[in-house]
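*Asks:* Have a look at the structure that comes next, please.
Just so it is clear, none of the values below were taken in a lab; they were calculated from the coordinates. Not measured: the values here are computed from a predicted model. Note: ideal-geometry Cβ built from the backbone for every residue, glycine included; neighbour counts use all protein chains shown.
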Amino acid sequence: MAGVACAAALRQAGLDVEVFEKSRGLGGRIATRRRDAGSFDHGAQYVTARGTRFESLLRRLGEAGAVTEWQPQGRQIPHPPSHGLDQTWFIGTPGMSAMVKPLAEGLRIHRGTRIAALEKPNGRWCLRTVDGQTVEAFDAVAVTVPAPQASPLLAAHGTAFARIERAAMAPCWAAMMTFDAPIAGADDVLRPAAGPIAWAARNSAKPGRNGGGPEAWVIHVGPAWSRAHLEDEARSVARDLLQAFGEVLGRTPPQPGHLSAHRWRYALCETPLQTPCLIGDDGTLGAAGDWCLGARVEAAYDSGWALEPGWPRASGAHSGSRGRNQQAFETLQVLRLEYDLHPVAGKPRNAEFDRLAVAVDVYGFRHQDGPGLGHVQQACLLAVRHPGRHLG
Ligand SMILES: Cc1cc2nc3c(=O)[nH]c(=O)nc-3n(C[C@H](O)[C@H](O)[C@H](O)COP(=O)(O)OP(=O)(O)OC[C@H]3O[C@@H](n4cnc5c(N)ncnc54)[C@H](O)[C@@H]3O)c2cc1C
């Protein structure tokens with residue numbers, strides 16, 4: 001999500017973008033596995049929107065038929081209900097991964113291409129693939145892979161990336177199973193308080209799934225059990241989780257038609273960096289992902305999007321100033337995210353905030369007490385007083 005969010009935003013800004021994805025499919029941890037027995041959302045289960053930017057994306061995806069609401073039977077709605085979409089569960093249709101596709105439309109994507117190293121031999125970036133190919137030459141590179149996979153790619157390219165090491169990520173084993181007969185008497189979503197299972201969902205009850213097919217369940221295991229069994233064989237994990245599912249149900253489940261397990265080695269970010277994205281010293285290398293802001297799809301989207309404004313300037317007029325302005329740049333992105341959560345009354349986004357980006361960068365605006373609405377307004381004033389500066 002962070003990758004396509006960033007790429008789509010860059011393309012909208014008029015840049016020529018290419019995306020390299022190691023898998024055949026798109027979506028990363030927003031994933032759907034299709035088998036003869038049915039389909040399984042074995043990664044992210046649903047998304048919510050706390051900020052207006054992701055909220056408006058979900059509305060657009062809803063209009064395009066790529067997401068819909070999910071109201072599973074048995075879900076406890078938190079009280080008091082909020083005004084926004086943060087308590088509405090959205091899912092991709094016909095599978096979770098479908099929500100990424102509209103974002104990727106029109107992008108040049110090289111699938112099945114795993115990047116092993118980044119090099120900058122003659123002032124421009126080259127990508128080295130795992131099978132030894134070199135792809136050249138790029139003005140800037142955004143790395144949007146999970147933190148432990150980003151670290152080796154970025155370690156040699158400046159101190160700005162050293163703190164990626166602090167973004168701890170937990171694994172998660174996922175089991176997928178189908179049953180010919182419905183599991184009677186169980187809610188669509190189960191979150192047991194004890195035992196290895198953290199989450200079990202009747203996938204086939206999500207809107208748009210498995211029309212008439214067998215009942216499909218997806219089960220996620222908590223970090224402690226997943227860590228303890230990280231290197232176990234998928235088949236034996238699947239069997240263990242079927243048994244654990246029986247313990248949750250309080251009876252032996254029927255014989256599954258399909259039973260498999262998938263290991264997410266880097267599933268959920270336990271300690272996000274609390275910064276929207278990272279930019280290297282010369283401004284031509286950046287990193288984004290959920291590990292910047294939190295273990296949620298919205299965080300990944302926000303992080304990828306936050307990286308975008310740095311690039312046109314990074315590779316153009318502002319080249320060389322990025323190191324000095326790193327802190328200001330991060331401040332800006334915090335402000336941008338903050339603004340989405342608490343819009344300033346009467347101030348439309350977009351152009352205003354593009355100017356804000358420039359204002360923060362040019363005037364080295366820094367927050368003293370952490371991001372807050374007052375700072376957003378102050379930066380807006382700066383932006384309004386100096387509209388269009390450095391925007392070319
Ligand atoms: C089991 C599970 C359940 C979850 N449940 C929820 C949920 O219910 N709600 C929610 O909001 N979030 C949930 N999350 C978290 C959410 O899925 C992630 O926060 C979000 O999808 C992360 O997006 P990302 O773009 O940062 O990273 P990713 O989705 O991991 O994308 C990184 C991409 O980089 C590719 N890649 C990696 N290395 C390379 C390389 N060297 N070269 C080329 N490509 C590479 C990967 O194939 C992948 O496509 C869940 C995650 C998991 C695993």
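*Asks:* How many nm separate the modelled label positions at E233 and Q87, each set 7 Å beyond the Cα in the direction of the Cβ?
*Replies:* For the pair E233/Q87, the computed spacing is 4.7 nm.
*Asks:* Within the set of other residues whose C-beta is less than 15 Å from the C-beta of R239, count the net charge using Lys and Arg as +1 and Asp and Glu as -1.
*Replies:* -2
*Asks:* Full extension from A181 to Q133: what is 0.36 nm times the residue separation minus their Cα-Cα distance, to one decimal in nm?
*Replies:* Extra length available between A181 and Q133 comes to 12.3 nm.
*Asks:* Please tell me the relative contact order of the range 194-241 in percent, rounded to the nearest whole number, where contacts are Cα pairs under 8 Å and at least six residues apart.
*Replies:* Here the relative contact order equals 37 percent.
*Asks:* Follow-up. Given R₀ = 45 Å, what would the calculated FRET efficiency be for R11 paired with R251, taking r from the Cβ atoms and rounding to 0.05?
*Replies:* So, using R0 = 45 Å, E works out to roughly 0.30.
*Asks:* Right, another one. At a 10 Å Cβ-Cβ cut-off, how would you order C269, C126, C277, fewest neighbours first?
*Replies:* Lowest count first: C126, C269, C277.
*Asks:* Further question on the same structure: When a footprinting reagent is the concern and you count Cβ atoms within 10 Å, what order do S151, S39, S23, S303 take, fewest first?
*Replies:* S23, S151, S39, S303
*Asks:* Note the full-extension length gain between R124 and T271 as 0.36 nm times their separation in residues minus their Cα-Cα distance, in nm to one decimal.
*Replies:* Here the segment from R124 to T271 would lengthen by 49.6 nm.
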